[in-house]
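To start, the structure itself, in structure tokens.
The values are calculated or read from the model by the stated rules, or taken from the named source; none is laboratory data. If you're wondering where the values come from, they're calculated on a predicted model, not measured in any experiment. Because the Cβ atoms are built from the backbone with ideal geometry, glycine has one as well, and the counts that use them run over all protein chains shown. The accessibility values were calculated without ligands, DNA or RNA, using every heavy atom of the protein model including side chains. Shrake-Rupley method; radii C 1.70, N 1.55, O 1.52, S 1.80 Å.
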Number of protein chains: 2
Amino acid sequence: MATELFTFLARYMTLTDEEKRVIIDLDIFHSFKKGTILLHEGECSEASYFVMKGCIRCYYMIDGEEKTTAFYTESESHSPQCVITKEPSKYVVSCVEDSILTVTTASMEQESFEKFPRFQTLCRLLSEDLLVKNQATLDDFKISSPEARYLNLLRSRPDLVQRVPQHQLASYLGITPQSLSRIRKRIMDEEKSAVKA
Amino acid sequence: MATELFTFLARYMTLTDEEKRVIIDLDIFHSFKKGTILLHEGECSEASYFVMKGCIRCYYMIDGEEKTTAFYTESESHSPQCVITKEPSKYVVSCVEDSILTVTTASMEQESFEKFPRFQTLCRLLSEDLLVKNQATLDDFKISSPEARYLNLLRSRPDLVQRVPQHQLASYLGITPQSLSRIRKRIMDEEKSAVKA
DNA sequence: TGCATTTCTTAACAAAAGGTAACGTTTTTG
DNA sequence: CAAAAACGTTACCTTTTGTTAAGAAATGCA
């Protein structure tokens, strides 16, 4: 069951069987139905998530509209802002699909650091990696047009374009659903002309 | 001399005099002239930076144009992508002003972790914090218009708008210098009307 | 100081994105 | 199963941004 998690962690360090056992014994694997809200706006939860299977989404409610800013799918993890800052969450986290997630808290982390100091190294490496990825995404956002960002997403996360509603993808790309629809049409038309020529 | 650094680190943990001494003995404080390039495109440096005084900038060279994506000023730090990924850097890091920086390498970090395990906790906390800040910046980018982003920057980093060339600020905001110029004019005009009314 | 470069602004036009609304389709759900 | 809600696309018009170009202002350097 925990294969996805241990394969992921192996990117950073090889865990002993004992260490794996400690993780499994934490009883952190949980199933959630599509639409389940994991974190409400204003809530100050302690839970962080790792996606074993499924997809979770972060969105802000702005003037009654959902503004989606992040998706996490298989082998991706997310520590909500409020877990780090201890302030009420500005955004909502919900399940886009039926999902199996690991749910961990800061205190569980702390305990595991004391039992196995290497876990802290693991967390540091993971955190540094996520920061670099996030920075690269932000950079890309600044230097690319909406169309370029969509094309880039098609290359880098083709599954996402399939499994997620278009209007959620749109705000994830920083545009309106109508704009995304136009961009898709534009690309299709250009492909058609390209094939002809 | 190291006051700025220790004030910053105190946000995360109180260091003992001995620990501070270890840091000072690393001899990590260096001065750089305005325009100095700290990291070239394609280079695979090991150095991370903390700004004691001055300002450094990250930019990509795209079609012969500089696309600025980040500024770091007093008490901000930056680990270039290449330090984490060990791959050639896709961007340049240079000094916008004469600057005093701390320059540290992964191996220096490693050594300090061994002498003082608490340093690793410090780095983990710092990294988690940076990730949350970066995520918030990215979210804000997705849900805000260029004008809203500029107004937001005026509030959150008013110094930056003063000390940095407009055309560098523009790409930092994800727009062209001409667009930024128009936005500034628009805001000025609106302020004038507001005062009249 | 004076010349060259860089920087900032403005203008005019083209391209793209936002807002509003309508319409057909799909998905939920009672 | 049928009504309701949600979703994706298209159209029209407005607003904003990109592009190209030019000129004024500031800056750097010899």
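Of the residues in the range A:128-135, none is open to solvent by less than 20 Å² (accessible area, probe 1.4 Å) and either more than 7 Å from chain B (Cβ to nearest Cβ) or in contact with a Phe, Trp or Tyr (Cβ under 9 Å, 6 or more places away or on another chain) (or both).
One line per residue, one yes/no per condition, for (1) in contact with a Ser or Thr (Cβ under 8 Å, 6 or more places away or on another chain); (2) under 30 Å from A:ARG184 (Cα atoms); (3) within 10 Å of chain B (Cβ to nearest Cβ):
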site	(1), (2), (3)
A:CYS82	yes, no, yes
A:SER89	yes, no, no
A:SER94	yes, yes, no
A:SER99	yes, yes, no
A:SER112	no, no, no
A:LEU125	no, no, yes
A:LEU154	no, yes, no
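B:SER99 fulfils the conditions (1) among the small types (Gly, Ala, Ser); (2) crowded, with 16+ Cβ neighbours inside 10 Å; (3) not assigned by TED's automatic domain parsing to the domain that holds B:ALA70 except for a single criterion, (3). Residues that are exposed (fewer than 15 other Cβ atoms within 10 Å of the Cβ) and either touching a Phe, Trp or Tyr at 6+ places or on another chain (Cβ under 6 Å) or hydrophobic (A, V, I, L, M, F, W, C) (or both) within the range B:136-161 comprise B:ALA148, B:LEU151, B:LEU154, B:VAL161, listed in sequence order. With the requirement that a residue be touching a residue at least 60 places away in the same chain (Cβ under 8 Å), touching a helix residue (DSSP H, G or I) at 6+ places or on another chain (Cβ under 7 Å) and either within 17 Å of A:LEU169 (Cβ to Cβ) or among the basic types (Lys, Arg) (or both), what does the range A:30-72 give you? Of everything in the range A:30-72, those that are touching a residue at least 60 places away in the same chain (Cβ under 8 Å), touching a helix residue (DSSP H, G or I) at 6+ places or on another chain (Cβ under 7 Å) and either within 17 Å of A:LEU169 (Cβ to Cβ) or among the basic types (Lys, Arg) (or both) turn out to be A:CYS55, A:ARG57, A:LYS67, A:THR68, A:THR69, A:PHE71.
Taking the conditions exactly as written (assigned to a helix (DSSP H, G or I) and open to solvent by less than 70 Å² (accessible area, probe 1.4 Å)), does A:GLU18 satisfy them or not?
Values: assigned to a helix (DSSP H, G or I): yes; open to solvent by less than 70 Å² (accessible area, probe 1.4 Å): no.
Here the answer is no, as A:GLU18 does not meet what is asked.
Tell me, yes or no, whether the range B:148-164 has at least one residue that is farther than 23 Å from B:TYR60 by Cβ and not in a helix (DSSP H, G or I). Among the residues of the range B:148-164, not one is farther than 23 Å from B:TYR60 by Cβ and not in a helix (DSSP H, G or I), which makes the answer no.
One residue stands out among those in the range B:26-80 that are of a type in the set (Lys, Arg) and within 16 Å of DNA strand D (Cβ to nearest atom): the one that is farthest from the other protein chains (Cβ to nearest Cβ), which is B:LYS33.
Looking across A:SER171, A:SER179, A:SER107, A:SER144, one residue alone is within 11 Å of DNA strand C (Cβ to nearest atom), in contact (Cβ under 8 Å) with a residue 40 or more places away in the chain and out of contact with any Cys (no Cβ under 7 Å at 6 or more places or on another chain). It is A:SER171.
When the range B:1-15 is filtered for residues that are modelled with pLDDT under 90 and either open to solvent by less than 30 Å² (accessible area, probe 1.4 Å) or assigned to a loop (DSSP other than H, G, I, E, B) (or both), the ones remaining, listed by number, are B:MET1, B:ALA2. Residue check: B:ALA106 meets all listed conditions (1) over 18 Å from the mean Cα position of the chain (by Cα); (2) more than 14 Å from chain A (Cβ to nearest Cβ); (3) modelled with pLDDT under 95 but one, namely (2).
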